[in-house]
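Inspection log for the structure reproduced underneath, given as structure tokens.
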Amino acid sequence: MLLAVSFVMFAAYICSDNIFSVEKTLTSPAAQAGYEITDGEYGSLAGAYSIFNVYLLMLIFGGLILDKTGIRFTGIFSCALMVAGIALTCGAFYSLRELLDSGEAIATLSFLGDNMRVPVFWAVMGIGLYGVGAEIAGITVTKVIAKWFIGYELALAMGLQLALARLGTGLAYGATPVIVSQTSGNVGLAILIGLILLTVGFIVFIFYTVFDKKLDRQLQESGAEEGGNSPEDEFHFKDILEVFKNPAFWMIAFLCLLFYAAVNPFLKYSTGMMVDKFGMSESLAGLFPMILPMGCIVLTPLFGNIYDKKGHGADLMIFGAILITAVHLLFASPFITQAWVAVLLMVLLGVGFAMLPSAMWPSIAKIMPAKLLGTTMALTFYIQNIGFLFVPKAISAIKTASNDNYTAMMLFFAGLGVVALLISIGVKILDKKKNYGLQIPNIK
């Protein structure tokens, strides 16, 4: 069951990252098989994932739907949204390629203050629709794992799921540049491959629901649900106040925003930095970000296992934030231009990227009752998506103002890491006062 839901997120992560692994192809002129994506359009594409989640509060509605209707309905609904969104994005890129090859004038429009060509607008809409489904799928999968593993190897199970999802990111950054270069810059084909995998993931989740229903029946027959131990305990909307009144929720939610804002948007701009600052070819630069997710495949389950057996969840968050901040500060140095140093720094970033989430996500399951886990995760993801939406816009503005100075961009990411470090220290202090159990093992 863990493998089934992990495959869904594996496919989702491929679709989330494959476009941004070929930044140089997107921004190159049409005469060089590029798509002539401007800095403003690229920033809109990079932030599109969170448009509907933030502005229309879709993620929060998704969490309420999950807690009210359960895993099976919400999972199928979220998979359908992902498939529809990527299908729209795929069609938009094929349309843009056709218009560029024909030499026709392409109409433009303004959306949320940004000017963009019409096919780019539809790509933004597709990514936004996909983002709604992907985030709801993410909280659904978290609740699935809590349902099957709470009281057992919860952090290890979440770590394995994250590891398999990160494998999708690694393949997106590693394989997509090769596919695009071998097909004369056909980004639409790379998106189509992701769409096919995502459709398979949809089918796999339908397979999962059969066994989820069987588990519910077994829990009911054993009396576990009546005892209040099932993650499917009855949910009431008034219970949401419990989430808002919990200070640990707010601290971990903002830690989540800062941590992921310091890493995920960085990956979307890292291939350009590897080409311009470290002198790598685009194909090699596309492989470079693979280091981070590939390290997570091994390290996230390892750190999760440590949390399960030894505890120290708050400490893992602190050390992860320290590593991320230090790496970004070193990347910001104008004197570091050697490719081997960049590889070493990405390895260290991968350690931090594995360490902090391996403790953060299981800790949410500790501070909240199971019946509120969907809503809690949805609110956490909503706050996280604020970073996903506005950080790319901030980076586009910083690059324009600094004439593509990567030092300024990396100092911004390092600043996010510093604040994340301060909040993670605050989480440890709060845990000591409130006795959430973040420093004790998960296995009972």
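The values are calculated or read from the model by the stated rules, or taken from the named source; none is laboratory data. Only a predicted model underlies this, so the values are computations on that prediction, with no experimental measurement involved. Note that each Cβ is placed from the backbone with ideal geometry, even for glycine, and that neighbours are counted across all protein chains shown. Areas reflect the complete protein model, heavy atoms only, side chains present, ligands, DNA and RNA absent. Shrake-Rupley method; radii C 1.70, N 1.55, O 1.52, S 1.80 Å.
Below is a table of values for the structure above.
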quantity: Among residues of the stretch 138-190, those that are over 24 Å from N53 (Cβ atoms), small (G, A, S) and in contact with a Leu (Cβ under 7 Å, 6 or more places away or on another chain), counted; calculated: 2
quantity: First in the stretch 61-76 and more than 16 Å from F381 (Cα to Cα) and charged (D, E, K, R), second anywhere and open to solvent by 10 Å² or more (accessible area, probe 1.4 Å) and in a helix (DSSP H, G or I), Cβ under 6 Å, 6 or more apart; calculated: R72/T209
quantity: Sole exception among (1) in a helix (DSSP H, G or I); (2) more than 18 Å from the chain's Cα centre (by Cα); (3) of a type outside the set (V, I, T); (4) surrounded by fewer than 23 Cβ atoms within 10 Å (Cβ to Cβ) for L316, by number; calculated: (4)
quantity: Any pair with Cβ under 8 angstrom, 6 or more apart, that starts in the stretch 415-429 at a residue that is touching a residue at least 40 places away in the same chain (Cβ under 8 Å) and ends at one that is charged (D, E, K, R) and open to solvent by less than 40 Å² (accessible area, probe 1.4 Å); calculated: K428/D315
quantity: Out of Y436, Y406, Y382, sole residue that is over 28 Å from G47 (Cα atoms) and among the aromatic types (F, W, Y); calculated: Y436
quantity: Some residue of the stretch 119-137 being modelled with pLDDT of 90 or more, in contact with an Asp or Glu (Cβ under 8 Å, 6 or more places away or on another chain), more than 30 Å from K371 (Cα to Cα) and buried (at least 22 other Cβ atoms within 10 Å of the Cβ); calculated: yes
quantity: Qualifying positions in the stretch 69-95 - under 17 Å from C15 (Cα atoms) and not hydrophobic (A, V, I, L, M, F, W, C); calculated: S78, G85, T89, G91, Y94
quantity: Top-ranked residue in the stretch 60-82 [being open to solvent by 60 Å² or more (accessible area, probe 1.4 Å) and farther than 17 Å from L241 by Cα; ranked as modelled with the lowest pLDDT]; calculated: T69
quantity: Those helices (runs of 4 or more DSSP H) lying entirely in the stretch 21-69 with at least 2 residues closer than 20 Å to G272 by Cβ; calculated: 23-27, 39-47
quantity: Top-ranked residue of the stretch 243-263 - restricted to ones that are touching a helix residue (DSSP H, G or I) at 6+ places or on another chain (Cβ under 7 Å) and among the aromatic types (F, W, Y), ranked as surrounded by the most Cβ atoms within 10 Å (Cβ to Cβ); calculated: F259
quantity: Residue under evaluation V418, criteria (1) open to solvent by less than 40 Å² (accessible area, probe 1.4 Å); (2) closer than 30 Å to M368 by Cβ, criterion not met; calculated: (1)
quantity: Hits in the stretch 140-157 - residues which are open to solvent by less than 10 Å² (accessible area, probe 1.4 Å) and in contact with a Gly (Cβ under 6 Å, 6 or more places away or on another chain); calculated: T140, K143, A155
quantity: Selection count, the stretch 88-98, where residues are closer than 14 Å to G131 by Cβ and open to solvent by 10 Å² or more (accessible area, probe 1.4 Å); calculated: 1
quantity: Residues (hydroxyl-bearing (S, T, Y) and surrounded by fewer than 21 Cβ atoms within 10 Å (Cβ to Cβ)) located in the stretch 31-59; calculated: T38, Y55
quantity: All positions within the stretch 143-202 that are over 30 Å from G311 (Cα atoms), more than 22 Å from the chain's Cα centre (by Cα) and of a type in the set (V, I, T); calculated: V178, I179, V180, T183
quantity: Residues of the stretch 186-218 satisfying the condition of being open to solvent by less than 10 Å² (accessible area, probe 1.4 Å) and of a type in the set (S, T, Y); calculated: Y208
